[in-house]
Ligand code: PEP
Ligand code: MG
């Protein structure tokens with residue numbers, strides 16, 4: 001028999017999969033003796049069964065009844081009892097936190113009779129009526145699917161007629177009036193009255209939570225956060241406690257450390273006389289947690305003790321939701337808190353220094369993605385700027401863009417390539433689409449724990465929230481800064497999510513302190529210190545070496561500063577551009593081998609200089625230089641333009657024989673599918689002397705550098721090899737040049753000759769190719785293109801959005817390796833290559849070399865190194881170590 005429902009006392013924090021994050025942590029807190037209102041959790045298994053069958057699985061209703069009875073016994077109250085009712089909350093809680101994406105229904109158990117009993121018991125008629133109208137509103141919008149607007153309009157109209165600003169100004173009579181209006185909305189919209197049977201309320205609320213797993217906003221959020229679609233959510237049913245019982249009650253959200261900077265000391269928002277949802281929704285402005293000390297010193301002290309206990313128990317920064325009901329503290333939720341990238345590094349190192357975790361654990365707690373975010377630019381500190389408003393620093397990063405006030409405009413403008421900042425009073429989960437495309441988010445309400453803040457941090461968007469001096473008018477598409485100017489839709493603003501500052505106009509941006517550190521400026525900020533310690537430990541931990549893709553001495557030097565152990569891919573094609581195009585033209589219009597050789601002879605010294613600069617920058621480190629890869633017509637004039645020129649010249653009688661020859665060459669070289677055409681090793685075979693000229697330039701440059709006292713380790717790489725025969729032909733020629741140069745120069749130049757593995761055929765026959773190759777470098781860009789049959793230049797814009805929508809893959813296979821398909825080729829080729837040639841050196845130089853998930857795969861299949869762009873080298877160093885730890 002499957003068990004669908006678990007009491008809080010039965011679970012633990014390890015059971016996220018079964019009980020969801022919220023349920024598992026409620027269980028953990030219950031079991032360590034913290035004050036948690038009693039309750040039970042309906043498992044994710046039940047949700048999955050419900051979603052599969054479209055109805056509650058057999059046995060679930062009985063199990064709910066059983067647990068409900070225990071809960072009623074524990075509380076000494078019965079659900080729906082007209083004299084002494086138990087009220088419960090029904091909350092979603094998936095394995096991964098999905099803030100505000102799924103449904104919650106509070107105050108389940110209230111009806112026309114029990115509301116009176118609640119009023120009597122609490123001695124607070126206003127509370128009872130307010131709780132009932134909240135139930136009607138939540139039930140109406142989440143369970144019955146009515147538009148929230150209908151309830152909001154009734155509320156706004158009432159406030160207007162009573163001339164009050166917020167809901168606290170409404171009396172119990174007013175609220176009773178609202179209850180009647182809400183019941184009327186439900187009756188007229190659904191044709192049925194609001195159910196008075198509390199068990200019906202409960203069952204339908206549970207179903208609504210299950211169903212909310214599949215709302216479009218939840219699906220979008222999961223896609224954004226790469227959360228699996230088939231997990232389902234758990235549902236937590238818990239005795240209600242009331243934060244809205246007057247001045248000695250309230251609700252709050254807090255963190256055991258500052259989630260924005262990671263600095264020590266608790267951080268939180270508190271709202272007196274309110275329920276938890278009011279804090280997160282940013283409906284009223286909260287006060288800082290320190291103010292609770294003044295309002296209720298006993299609860300404050302107890303809360304601090306709980307926070308300390310939780311940190312020591314979880315050995316991590318925790319975030320907490322709590323309610324104080326008439327001076328009594330209740331814990332409603334805890335979890336390991338979300339944090340900014342800066343806070344992640346700082347907290348990890350502080351925990352090490354406090355003796356709570358070791359360096360390996362610190363490494364597990366930070367990600368390459370977070371490090372990448374820290375390498376984003378901030379505002380130029382020397383730039384002129386005037387702060388026009390100040391809110392909370394909710395999620396770091398400098399953002400500049402045009403102000404927009406709704407998601408539709410944000411999406412439309414972003415699609416036409418504009419940077420936008422989404423400005424809202426507060427955000428709701430419905431704003432997610434706008435938040436995804438915006439550079440930054442600015443709100444006038446809500447604290448660091450509001451929806452906007454939590455979601456922005458998760459997405460790595462810059463966010464300033466709770467900017468009280470902004471009067472945001474969504475309908476008029478503008479905001480006015482108190483005592484200052486008005487900003488209209490389309491006006492450019494700048495926000496600094498790290499400081500909470502808002503500026504008018506565009507402020508220039510500069511490198512991050514972490515980038516400055518990698519560039520050689522040690523600085524003395526805590527963040528840089530934490531990052532450098534973590535990365536240093538990563539270097540001691542990782543198995544994979546990290547090289548860089550760099551084509552110029554400048555890029556090579558940067559790669560070295562960022563910690564690259566060599567160059568994994570130096571593309572040589574840029575060396576044929578600019579003035580050298582003329583020489584490529586000479587090469588292709590040459591009428592015989594001698595003319596070709598003459599053109600190549602002119603390219604030789606230029607190439608030698610190119611390579612010398614790179615050997616200098618990478619002195620003592622290996623440099624993999626790839627022989628020319630693209631089809632030659634990429635270096636020649638455009639076919640149509642040249643045809644027109646020639647036609648016009650002929651008409652004028654000013655025929656140019658060079659143009660004619662060039663046009664003939666272009667016609668000869670024209671291809672329908674150049675990516676499948678005369679490129680890579682095929683060029684080397686078809687155009688005699690091209691590859692050998694490059695190899696000579698490489699080896700002569702190395703000889704020159706060595707003669708000057710340096711050391712150079714060239715690795716010559718042949719692109720687009722498909723067969724061992726192709727490679728054998730080229731290798732023989734390269735070896736001959738190698739012997740000649742070493743003889744001419746009288747020095748030994750240790751060097752390797754290897755191949756890219758970027759065609760499926762090469763991967764499949766890797767065992768044969770490995771017999772004569774010194775190394776393989778997986779070109780996963782082409783390998784992805786050729787395996788899927790996707791043109792890498794076109795498909796991402798053309799149809800990937802539709803593919804992503806259909807869930808054919810969760811992310812572009814050009815961005816993160818398709819492990820099942822392309823990865824399988826890499827795995828087989830690596831194994832086959834090593835079997836025949838145990839010394840075969842293996843690396844990857846496609847874009848995937850800098851992608852965290854792909855790096856974990858390359859570590860697992862035993863490659864020797866990954867090579868990525870210089871900027872991603874620190875990220876790869878970190879992820880390579882995490883991969884080694886997490887295997
Ligand atoms: C590759 O195909 O993965 C590769 C590194 O080569 P390029 O991107 O230059 O084709
Ligand atoms: Mg390639």
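Out of 779, 807, report the one residue that is more than 16 Å from ligand 1 (Cβ to nearest atom) and either under 25 Å from the mean Cα position of the chain (by Cα) or crowded, with 16+ Cβ neighbours inside 10 Å (or both).
On the way: 779 fails: more than 16 Å from ligand 1 (Cβ to nearest atom).
Criteria check complete, one pass: 807.
Being more than 19 Å from residue 740 (Cβ to Cβ), touching a residue at least 40 places away in the same chain (Cβ under 8 Å) and either touching a strand residue (DSSP E or B) at 6+ places or on another chain (Cβ under 6 Å) or surrounded by fewer than 16 Cβ atoms within 10 Å (Cβ to Cβ) (or both), is that true of even one residue in segment 685-696?
No, because not a single residue in segment 685-696 is more than 19 Å from residue 740 (Cβ to Cβ), touching a residue at least 40 places away in the same chain (Cβ under 8 Å) and either touching a strand residue (DSSP E or B) at 6+ places or on another chain (Cβ under 6 Å) or surrounded by fewer than 16 Cβ atoms within 10 Å (Cβ to Cβ) (or both).
Going by the conditions given, is residue 312 touching a strand residue (DSSP E or B) at 6+ places or on another chain (Cβ under 9 Å) and not in a loop (DSSP other than H, G, I, E, B)?
On the way: touching a strand residue (DSSP E or B) at 6+ places or on another chain (Cβ under 9 Å): no; not in a loop (DSSP other than H, G, I, E, B): yes.
The answer is no for residue 312.
Within segment 673-687, restricting attention to residues that are more than 16 Å from ligand 2 (Cβ to nearest atom) and either assigned to a helix (DSSP H, G or I) or at pLDDT below 90 (or both), which residue is nearest to residue 581 (Cα to Cα)?
686
Between residues in segment 755-784 that are free of Cβ contacts under 8 Å to residues at least 12 places away in the same chain and over 22 Å from residue 795 (Cα atoms) and residues that are outside any loop (DSSP other than H, G, I, E, B) and within 16 Å of ligand 2 (Cβ to nearest atom), which pairs lie under 8 Å by C-beta distance while being six or more apart or on different chains?
As it stands, the answer is none, since no pair meets every condition given.
Given the residues 882, 872, 827, 834, which is the only one that is more than 16 Å from ligand 1 (Cβ to nearest atom), touching a helix residue (DSSP H, G or I) at 6+ places or on another chain (Cβ under 8 Å) and assigned to a helix (DSSP H, G or I)?
Details: 872 fails: more than 16 Å from ligand 1 (Cβ to nearest atom); 827 fails: touching a helix residue (DSSP H, G or I) at 6+ places or on another chain (Cβ under 8 Å); 834 fails: touching a helix residue (DSSP H, G or I) at 6+ places or on another chain (Cβ under 8 Å).
Exactly one residue qualifies, and that residue is 882.
Out of (1) modelled with pLDDT under 95; (2) over 23 Å from the mean Cα position of the chain (by Cα); (3) within 17 Å of residue 399 (Cβ to Cβ); (4) surrounded by 16 or more Cβ atoms within 10 Å (Cβ to Cβ), what's the single condition that is false for residue 508?
(4)
Restricting to segment 251-265, count the residues that are over 27 Å from residue 72 (Cβ atoms) and buried (at least 20 other Cβ atoms within 10 Å of the Cβ).
Number of matching residues: 10.
Given the condition under 35 Å from the mean Cα position of the chain (by Cα), closer than 26 Å to residue 731 by Cβ and either within 16 Å of ligand 2 (Cβ to nearest atom) or surrounded by 15 or more Cβ atoms within 10 Å (Cβ to Cβ) (or both), answer yes or no: does some residue in segment 594-615 qualify?
Step one: list which residues in segment 594-615 are under 35 Å from the mean Cα position of the chain (by Cα), which gives 614.
Going one step further and asking which of them are closer than 26 Å to residue 731 by Cβ, we end up with 614.
Cutting the leftovers down to either within 16 Å of ligand 2 (Cβ to nearest atom) or surrounded by 15 or more Cβ atoms within 10 Å (Cβ to Cβ) (or both) gives us 614.
The answer is yes, given that some residue of segment 594-615 is under 35 Å from the mean Cα position of the chain (by Cα), closer than 26 Å to residue 731 by Cβ and either within 16 Å of ligand 2 (Cβ to nearest atom) or surrounded by 15 or more Cβ atoms within 10 Å (Cβ to Cβ) (or both).
Can you tell me which of 210, 242 is over 17 Å from residue 103 (Cβ atoms) and buried (at least 21 other Cβ atoms within 10 Å of the Cβ)?
Values: 210 fails: over 17 Å from residue 103 (Cβ atoms).
Exactly one of 210, 242 is over 17 Å from residue 103 (Cβ atoms) and buried (at least 21 other Cβ atoms within 10 Å of the Cβ), namely 242.
Looking at 773, 763, which is the one that is modelled with pLDDT of 95 or more, buried (at least 16 other Cβ atoms within 10 Å of the Cβ) and either away from ligand 1 (no atom under 16 Å from the Cβ) or in a loop (DSSP other than H, G, I, E, B) (or both)? Working first, answer last.
Working: 763 fails: either away from ligand 1 (no atom under 16 Å from the Cβ) or in a loop (DSSP other than H, G, I, E, B) (or both).
Answer to the check: 773.
Within the set of pairs 6+ apart or on separate chains, which have a first residue in segment 626-652 that is over 27 Å from residue 573 (Cβ atoms), a second that is assigned to a helix (DSSP H, G or I), and C-beta atoms under 8 Å apart?
649/659
Is segment 712-727 home to any residue that is surrounded by fewer than 17 Cβ atoms within 10 Å (Cβ to Cβ), closer than 22 Å to residue 778 by Cβ and at pLDDT 95 or above? Talk me through it step by step, then tell me what you get.
Pass one, segment 712-727, residues surrounded by fewer than 17 Cβ atoms within 10 Å (Cβ to Cβ): 723, 725.
Still in the running and closer than 22 Å to residue 778 by Cβ: 723, 725.
Going one step further and asking which of them are at pLDDT 95 or above, we end up with 723, 725.
Yes, the conditions are met somewhere in segment 712-727.
Within segment 626-634, can one find any residue that is at pLDDT below 90, surrounded by 14 or more Cβ atoms within 10 Å (Cβ to Cβ) and over 24 Å from residue 755 (Cα atoms)?
no
Scan (1) part of a loop (DSSP other than H, G, I, E, B); (2) within 16 Å of ligand 2 (Cβ to nearest atom) for the single condition residue 812 breaks and write down its number.
Of the numbered conditions (1) part of a loop (DSSP other than H, G, I, E, B); (2) within 16 Å of ligand 2 (Cβ to nearest atom), the odd one out for residue 812 is (2).
Please specify each residue of segment 776-803 satisfying the condition of being more than 13 Å from ligand 2 (Cβ to nearest atom) and assigned to a helix (DSSP H, G or I).
Within segment 776-803, 788, 795, 796, 797, 798, 800, 801, 802, 803 qualify.
The values are calculated or read from the model by the stated rules, or taken from the named source; none is laboratory data. A quick note: this is a predicted structure, and the numbers were derived from the prediction, not measured. Neighbour counts are summed over all protein chains in view; Cβ atoms, including those assigned to glycine, are modelled from backbone coordinates with ideal geometry.
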